[in-house]
Amino acid sequence: MITMDSPKAGNTGLLSRFSVKVQIGLIAVIGVAGLLGLGGTYLASSIRTAAMQDELNQARGAEDTLVAIELGMLQARRHEKDFLLRRQERYLGQHAAVVTDVTAKADALLKFLDDPAQSENARKVKAGIASYGAQFVRLGETQKKVGLNENDGLLGALRASVHGVETILKQNDEVVLDNLMLMMR
């Protein structure tokens, strides 16, 4: 029969060589180390999640800004069309205000971009918007010079001249010249 005191009593573990106090201390140290490892993993995961959230916020901000630029350009195009159809000076001011706002948004877009190629493309877009705005200002100035209606600008001067010639023709009762003038008109 085998007793507990005999060497063949069974495998004695490594921890059985230590006192119960030391065994409990080792278990506590292992538990604390596990908790520290878990905490470190959680901290690293939190840092990575925060970095990914920042990247997502950057991308979302860039997308929102791009949408605002697109909507602004559509609004500018609308004011352009209204000016060309109605020839009212108020559309020039509205167009200029929208282009200024869109240009500011193009500047804001650069703050969201880290990639040099994307930043360069954004700068090109901003330059294109500025060029478009300048071209439309020149168009508006030229149209105002020509005349926004038949009484203003060069059109008004031409109309006044035609009326003056018609008055002279009526005084001289020249039917042939009067008909030619009407055909030219």
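Compute the label zone of GLN143 within the stretch 41-84: residues whose backbone N is under 14 Å from the point 7 Å along Cα-to-Cβ.
In the stretch 41-84, the label zone of GLN143 (backbone N under 14 Å from the point 7 Å along Cα→Cβ) covers 76-84.
Hey, could you pull the Cα Rg and Dmax for the stretch 65-127, both in Å?
13.6, 43
A 24 angstrom limit on the alpha carbon distance is what I want to check against. Which of LYS81/LYS126; LYS105/LYS144; LYS81/LYS145 exceed it?
From the list (LYS81/LYS126; LYS105/LYS144; LYS81/LYS145), the Cα-Cα distance tops 24 Å for LYS105/LYS144.
Out of ARG17, ARG60, ARG90, any idea which swings most in a Gaussian network model of the chain, alpha carbons joined below 10 Å?
Judging by the Gaussian network model, the answer is ARG17.
Quick check for you: with a 1.4 Å probe and neighbouring chains kept, what is the accessible area per residue of the chain, in Å²? Before the final figure, lay out each step's value.
Values: 13780 Å² over 185 residues.
For the chain, the solvent-accessible area averages 74 Å² per residue.
Projected onto the charge dipole of the chain (+1 at Lys/Arg Cβ, -1 at Asp/Glu Cβ, origin at the Cα centre), which of ALA117, LEU36, LEU139 gives the Cα projection farthest towards the positive end?
LEU36
Among all the aspartates and glutamates, which ones have a C-alpha under 15 Å from LYS111's C-alpha, if same-chain residues fewer than 8 places away are not counted?
Correct list for LYS111: ASP54, GLU55, GLU63, ASP64, GLU120.
Highest GNM mean-square fluctuation, the chain, Cα pairs closer than 10 Å: which of ASN172, ASN151, ASN121?
ASN172
Work out how much length ALA96 to THR41 would gain on full extension: take 0.36 nm times their residue separation and subtract the Cα-Cα distance, in nm to one decimal.
Numbers: separation 55, 0.36 × 55 = 19.80 nm, distance 5.43 nm.
Contour length minus the Cα-Cα distance gives 14.4 nm.
Taking θ as phi - 60°, what are the ³J(HN,Hα) couplings along the stretch 130-145 by the Karplus curve (6.51, -1.76, 1.60), each to the nearest whole Hz, with x for Gly and Pro?
Karplus-based 3J(HN,Hα) across the stretch 130-145 equals 5, 5, 4, x, 5, 5, 5, 4, 5, 4, x, 5, 5, 5, 5, 5 Hz.
The values are calculated or read from the model by the stated rules, or taken from the named source; none is laboratory data. Just so it is clear, the structure is predicted and the values come from calculations on it, not from any experiment. Methodologically, a virtual Cβ is constructed for each residue, glycine included, from the backbone with ideal geometry; neighbour enumeration extends over all protein chains shown. In case anyone asks, the SASA skips ligands and DNA or RNA and just uses the protein heavy atoms, side chains included. Shrake-Rupley method; radii C 1.70, N 1.55, O 1.52, S 1.80 Å.
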